[in-house]
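Colleague: Structure provided below as structure tokens; questions to follow.
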Amino acid sequence: MSGRTDSDTDPEIADSEATAEQDDAEDLLEDARRARWTAVGTGAALTLAGLAAALLRLTRSAPALVPAAYASGAAVCAAAAVLGSRGRTRRALWLLIAGVMVMALGDQFD
């Protein structure tokens, strides 16, 4: 070791660094894709659950506010699914939380 720095990088090291960066980029893309599918799937499932609950509450003797709350919560969850499909997963998460809270509040009036 002479103490001087070499400006040339060994080709094997350069190739391994480029491969590592490419793998990191692919991992980030896969994580983003997984987050989108999770937001869409959860939003769709909660939308269907909210609509089913609204229809069940509508057929029984419940105050009109209860099925309306379930239906509006389902609409919010549907909006979250749309946002999630467009890559807005953080906003979709908060909308999913808000939609479930609206459904839970409607359930309290039953």
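A short reminder: the numbers here are calculations on the coordinates, not readings from a lab. Since this is a predicted model, take the numbers as computed values, not measurements. No Cβ is skipped: glycine too gets one built from the backbone with ideal geometry, and neighbour counts run over all protein chains shown.
Colleague: For the range 18-87, take the alpha-carbon Rg, divide it by the Kirkwood Rh, and send me Rg/Rh.
Modeller: Details: Rg = 18.1 Å, Rh = 13.8 Å.
Using only Cα positions, Rg/Rh for the range 18-87 is 1.32.
Colleague: Once phi is turned into ³J(HN,Hα) by the Karplus curve 6.51 cos²θ - 1.76 cosθ + 1.60 with θ = phi - 60°, what whole-Hz value does each residue of the range 33-46 show in order, with x for glycine and proline?
Modeller: After applying 6.51 cos²θ - 1.76 cosθ + 1.60, I find 5, 5, 5, 5, 5, 5, 5, 5, x, 5, x, 5, 5, 5 Hz.
Colleague: Let me ask you something else. At a Förster radius of 35 Å, what calculated FRET efficiency corresponds to the Cβ-Cβ distance of Ala62 and Arg91, to the nearest 0.05? Mind showing how you got there, number by number?
Modeller: Numbers: r = 31 Å, r/R0 = 0.90.
E between Ala62 and Arg91, to the nearest 0.05, is 0.65.
Colleague: Return the loop-located trypsin sites (Lys or Arg not before Pro) in the range 41-95 (DSSP other than H, G, I, E, B) with at most 16 other Cβ atoms within 10 Å of their own Cβ; answer none if there are none. List each step's numbers first, then the result.
Modeller: Values: sites: Arg57, Arg60, Arg86, Arg88, Arg90, Arg91; in loops: Arg60, Arg86, Arg88.
Passing both the DSSP loop test and the Cβ count: Arg60, Arg86, Arg88.
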